[in-house]
Each structure stands twice: as structure tokens, then as C-alpha cells.
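**Q** Have a look at this one.
The values are calculated or read from the model by the stated rules, or taken from the named source; none is laboratory data. Being a predicted model, the structure only gives us computed values, none of them experimental. Every residue, glycine as well, gets a Cβ built from its backbone with ideal geometry; the counts of neighbours run over all protein chains shown. The accessibility values were calculated without ligands, DNA or RNA, using every heavy atom of the protein model including side chains. Shrake-Rupley method; radii C 1.70, N 1.55, O 1.52, S 1.80 Å.
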Amino acid sequence: MGFLQDLFFNINNYITEETLQLIFKLGLIVAISLPLLFLLRGWARRFFTKKYAPHYGMLAGKLVFYPGILIMIFTIMSQLGISLAPLLGAAGIVGVALGFASQTSVSNIISGLFLIAEQPFKVDDIITINNTTGIVMSIDGLSVKLRTFDNQFVRIPNEMIIKTEVTNVTRFPIRRFNARVSVAYKEDIGRVRQILMDIAEKNEYALSEPEPLIIFDAFGTSSIDLLFLVWAPVKEYIMLKNTIQEEVKARFDEEGIEIPFPHVSIYAGSASKALPIEMKSADQAESESGHSPQP
Amino acid sequence: MAREIWGNVSLEDGKVHYFAMGELHCWMKYHHEEIWIAHCHNHEVKQKPNSEAPPEEIEWQRWATQNGKGHVNILPVFPDLPLVVNSEYALKISPGTRIQIFCRFPIWVRIRLPETTYTLIEMPTIKLSRTWFGTPTEGELCYFAKTKARRDLSNVDKRPNMVACPIRVVNKSGDELNFEHFCFRVERLSMYRNEEGFWADETQIIYQGEDLNSDVIMTGNLPKGITKKDLVSRPRKEIHKSLATRTFKRFFEDTSLIFGR
């Protein structure tokens, strides 16, 4: 008990009433500001997400939270009597140095602002940049974060996105699948068309409108090449791609329509005659040539 | 057979209750305090379905219900998406003309719990393909249906799985209306039943011209011989008195469709 009394007496010598008041004030500032900032961040995020899109919500939350933290820090510093003037002076010098060092970052930030204004994509869209395809997780000040379909995390600087071609796969609600269908030259193209249209009509993912389209693409070296164009809701594109090609294969097999392998025909002399080929046994070949057959 | 399907059904433990409507085949049973339902359509199975049990490739679905009883209610409903209706025979309606046509569409079957009206499952009696109503950049998913757009159904064969929808079309524009394609918002219709079959209440479409939205009015008028007492199912969505929609919107003007790229 005596020890506690001594300790209290010793503390009283160092901590005056004013200091206690200051600590209390600072504690109050933090206790009020922090929960308030979290509340405001949550509200801003929900409001802008509901009104616009998830990535606007994220940005709004950050715009509310981080400046709020700065204001809280400056308030605490002014309560502590720390003047901001020398800090600002030092910041100016540091700013110049940082400016040279952070050109890329500043470029990314400005590119980010242009991305927000232009809205080429939003959070949860699927985009392709160069060879990377993924779902947009967030659009931040410096970069865009993607999650690829094999669950890898990709960070793409905003500057790169502004400079590169970006494909937004899920921007529009429907998407067309372009299937290349090759058939042998001997096949009746009219019949093939009917069969393909029938397949499209029966496929559960293919839309009736826009109508499927079959285009005679080319007289290929080994086959007649057709383009089979079918539309589906964008979320069912992969299902359409998988099922319709399988159905084409199965139906062609059923109808006896040949999907040719790449092949070359060699003619000897006359264009209408094939090369003559005669099958001989090893003994026959030996007796005719007078040599032993090679192993 | 059709009349016996509708209404409350008590499923006996282990015994399969079967019904067929249109191309739909449905099996139900009550087993281990669960309601089991399996269904298929004609084209989905290789062999003709029988009433004893579903084909092997068809799976049962199970519901554990709150009251633990095998009571279900079966009722007819409209499809869950709007219909893009394609008239088999092109019908041109001259300016200032007002006509009534009848279109028939396959109904859906809803199986629900009678006490809570919680829906267990909905199945089409005929599976319709889906289509897009709108432009490549915006629109809505619909079912695709063909109709003969008859002026009179009295000499037409009755089909228990079809609902007849009277549509009054008024061409108030100065142009001819090419009644080939239109988007029919069946989710706003009520369904009635009499000895003739299923009927919807009247829809009035007022065409104002190609550049203006058409007025779609659920007049609430019932066909002859139908009264309010014949109501079997309410609309899926609340009825608005008038709904200006792009009912006759031109579907596509995408040049990529012309040039195939």
C-alpha cells in the first residue's frame, strides 16, 4: 500500500494537472474521431456503391478516411503545440525531391483520375490487358488489381492501362461466339447450314435473337471454312462455347458430315489420277530387286 | 386429366405422384419427411417417360419443409420472363386501325407449399428458347415464342397447356404497323380458367410510331365467359395502369451482323 502511495506521489510530481487535461483532450479527440471516421467511411462506401458502382464506393471511402486521419493528426499536433510551419517548410523541400523521384507515381495517380472519369471498366468487370485476363478487384490511385481465373493476383499500374489497349469482356450484356467450322469439299453446304441452325436452336445457351449466322468464310486448302456466329448472355458465354462445339461434333458424326484433317493430295501427271500404289510382301520385293529387304 | 393436376395434392410416403402437361413430365413423392420432385421434358430423355419413376438420367430434387407434411399446391403461371413474340404470318395494321388478336403461349407449372405459398419449383410445360430484346449494349433477356396471332379462337383445338392472351392493338400513328415482332410482358398478367382452357386478361397496345414508346395497358377486361371467380394465378409483377415500353423496338441495326464480323 505504501508502495502505491509513493508511486502516486512520484507520478504527481511529473504529471501536472495541465498534462492530464491534455492527455484527456487528446484521448477524447482520438476516441471521437476514429469511430466517426470509420462510420463516415462506411456510409460513403455504401452510398456511392449503391448509387454508382463498387469502385466509386471504395474511392469515396478512401477520400473520406485518409484526409480525416490527416486532420485528426494535425489537430493532435496543434494541441501538443507543435507548429506546422517548419513541417510545411521541410515538406516543400522534401516535396521537390520527392517530385523528381516520384514522377512515375504521379503519372499513375493522374492516369487513375482519367480512368475514373472515362470509366472503361468497373469493379467486377472482366478485362484483358496485353495477355492478362482477370476480374477487376479494385481501381486504386496508383494501380488496378486483377484476380486471374487461375487465382493469381496481378497489379497493373494505371499509366500502363492508359497507354495500352484494354478489352472489357463483360461491359455489354450479350456476347457473340465465333466458331470456325470446317467441312469437307464433298459436303452439301445447304444441308450443313440447316444442321448448324438446328443445333443453335436447340442449344440452351444460344439466343434466338440476334439470330445465329453462318458465313461462308473461305475455300481452305483442306476444307470449306464456315463461320458459325451465335450469341449468348455474357455470363453464359463459356457454357455456350463448350456445349455448341461439342454438339456440332456429335451431330456431324451422326449425320456423316466429314470434318477433314489438314491434308495434301499428290497427283502424278494427270490431275484426275492418283499416284499408283501397289502393296507387296517383303519376299516379293526381295525377289524382284535381288536385294535383301532392309530391316 | 388436366383438371386433376391443379390444386392441392397430398403426397403419400414412398408413392410417386406423376403428371404430364405439354412436353413436361413431373414426378413427386414424400420421403423421409422431405418432398422430392423430378421433372424432364420430352427432348431431354432418350426413352419415353413413364409414370412409375423418372428416367435414370433425371435427378430428384429434395425439400425439407417446416411442417414436415407432404402437401403441395400445383398451379399454372405465366413464364418468368417477358416473351418476344414472333407472328408466323406478317400482319400489317394500317394507321388508325384497332384490332383484337389472340396469342397462345405455353404455361408454366408452379409447385408450392399450400400453407406458406413458398414456391418449391417452377417448370415450363414447353421449353422456350431465350432471346435478347434490345440492342447489343442494353436490353433484357426474354423467351422467344411464335404465334399465329389469330382473330378468333373458336375453331382452334384446345390445348390444356396453353394460355390464350387477348391483345388489342391500336395504331394511333400515321404509319403502317408491321406486327411481326413484339415484346409481351406476361409477368404483369393474371390467369383465369374456364372449361375452354386458360385465359389472360386483356392487354392493350397503343402504337404511337417508330420513334415513340408504345403504351401498354393492362385493361383488366376479361374475355367473354370469364369472371373474376375464375382467377387461378395473380401477376408476377404489380400491374401498372400504363407502361410505356419499347414494345415494337427495332431489334438490331448492328452492321456487324450484316458483315458478319
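**Q** Does A:PHE48 satisfy the condition of being modelled with pLDDT of 85 or more, open to solvent by 50 Å² or more (accessible area, probe 1.4 Å) and touching a helix residue (DSSP H, G or I) at 6+ places or on another chain (Cβ under 9 Å)?
**A** Judged against the criteria, A:PHE48 is a match.
**Q** Report whether or not B:ALA38 is of a type in the set (Gly, Ala, Ser), on the phi < 0 side of the Ramachandran plot and surrounded by fewer than 18 Cβ atoms within 10 Å (Cβ to Cβ).
**A** no
**Q** Then there's this: Out of curiosity, is A:LEU88 at pLDDT 80 or above, assigned to a helix (DSSP H, G or I) and within 45 Å of the chain's Cα centre (by Cα)?
**A** no
The rows are residues; the columns are (1) modelled with pLDDT of 95 or more; (2) part of a loop (DSSP other than H, G, I, E, B); (3) surrounded by 10 or more Cβ atoms within 10 Å (Cβ to Cβ); (4) among the aliphatic types (A, V, I, L, M).
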site	(1), (2), (3), (4)
A:ILE214	yes, no, yes, yes
A:ILE257	no, yes, yes, yes
A:VAL264	no, yes, no, yes
A:GLY269	no, yes, no, no
A:SER272	no, yes, no, no
A:LYS280	no, yes, yes, no
A:GLU288	no, no, no, no
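**Q** In the range A:197-206, how many are assigned to a loop (DSSP other than H, G, I, E, B) and either open to solvent by 10 Å² or more (accessible area, probe 1.4 Å) or not assigned by TED's automatic domain parsing to the domain that holds A:VAL183 (or both)?
**A** Going through the range A:197-206 one residue at a time, the tally reaches 2.
To keep it simple, each residue is scored yes or no on (1) at pLDDT 90 or above; (2) open to solvent by 30 Å² or more (accessible area, probe 1.4 Å).
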residue	(1), (2)
B:ALA149	no, no
B:ASN155	no, yes
B:LYS158	no, yes
B:VAL163	yes, no
B:ARG168	yes, yes
B:ASN171	yes, no
B:ASP175	no, yes
B:HIS181	no, yes
B:GLU195	no, yes
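**Q** For the condition crowded, with 17+ Cβ neighbours inside 10 Å and in a helix (DSSP H, G or I), what is the one hit in A:GLY112, A:GLY99, A:GLY95?
**A** Step by step, each of A:GLY112, A:GLY99, A:GLY95 is checked, and only A:GLY112 is crowded, with 17+ Cβ neighbours inside 10 Å and in a helix (DSSP H, G or I).
**Q** List pairs: first residue in the range B:191-209 and in contact (Cβ under 8 Å) with a residue 60 or more places away in the chain, second residue of a type in the set (A, V, I, L, M) and open to solvent by 40 Å² or more (accessible area, probe 1.4 Å) anywhere in the structure, Cβ distance under 6 angstrom, at least six positions apart or on different chains.
**A** B:MET191/B:VAL232; B:ARG193/B:VAL232
Residues checked against (1) open to solvent by 30 Å² or more (accessible area, probe 1.4 Å); (2) at pLDDT 95 or above:
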{"site": "A:SER208", "(1), (2)": "no, no"}
{"site": "A:ASP217", "(1), (2)": "yes, no"}
{"site": "A:SER222", "(1), (2)": "no, no"}
{"site": "A:PHE228", "(1), (2)": "no, yes"}
{"site": "A:LEU240", "(1), (2)": "no, yes"}
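**Q** In the range A:10-34, how many residues are at pLDDT 85 or above and charged (D, E, K, R)?
**A** Of the residues in the range A:10-34, 1 are at pLDDT 85 or above and charged (D, E, K, R).
**Q** Can you list the strands (runs of 3 or more DSSP E) found entirely within the range A:121-170 that contain at least 3 residues being open to solvent by less than 40 Å² (accessible area, probe 1.4 Å) and among the hydrophobic types (A, V, I, L, M, F, W, C)?
**A** A:126-129, A:132-139
**Q** Residues being more than 14 Å from every other protein chain (Cβ to nearest Cβ) and within 21 Å of B:SER87 (Cα to Cα): count how many of those fall in the range B:109-146.
**A** The number of residues fulfilling the criteria is 1.
**Q** Of all residues being of a type in the set (Lys, Arg) and part of a loop (DSSP other than H, G, I, E, B) in the range B:1-51, which is nearest to B:ASN73 (Cα to Cα)? Just the residue, please.
**A** Here the residue is B:LYS15.
**Q** Then there's this: Name the single residue that is nearest to A:ILE259 (Cα to Cα) among those in the range A:172-224 being within 12 Å of chain B (Cβ to nearest Cβ) and of a type in the set (Lys, Arg).
**A** Ranking the candidates gives A:LYS202 first.
**Q** Is one or more of the residues making up the range B:55-78 in a loop (DSSP other than H, G, I, E, B) and surrounded by 20 or more Cβ atoms within 10 Å (Cβ to Cβ)?
**A** Within the range B:55-78, one or more residues are in a loop (DSSP other than H, G, I, E, B) and surrounded by 20 or more Cβ atoms within 10 Å (Cβ to Cβ).
**Q** Let me ask something else about it. Within 12 Å of chain A (Cβ to nearest Cβ), open to solvent by less than 20 Å² (accessible area, probe 1.4 Å) and more than 16 Å from the chain's Cα centre (by Cα) - does that describe any residue in the range B:92-105?
**A** no
**Q** Moving to a separate point now. Please enumerate the residues belonging to the range A:225-254 that are farther than 11 Å from A:ALA179 by Cβ, hydrophobic (A, V, I, L, M, F, W, C) and within 12 Å of chain B (Cβ to nearest Cβ).
**A** A:TRP231, A:ALA232, A:VAL234, listed by residue number.
**Q** Related question: Please go through the range A:75-92 and pick out each residue that is open to solvent by less than 80 Å² (accessible area, probe 1.4 Å) and either touching a residue at least 40 places away in the same chain (Cβ under 8 Å) or aliphatic (A, V, I, L, M) (or both).
**A** A:THR75, A:ILE76, A:MET77, A:GLN79, A:LEU84, A:ALA85, A:ALA90, A:ALA91
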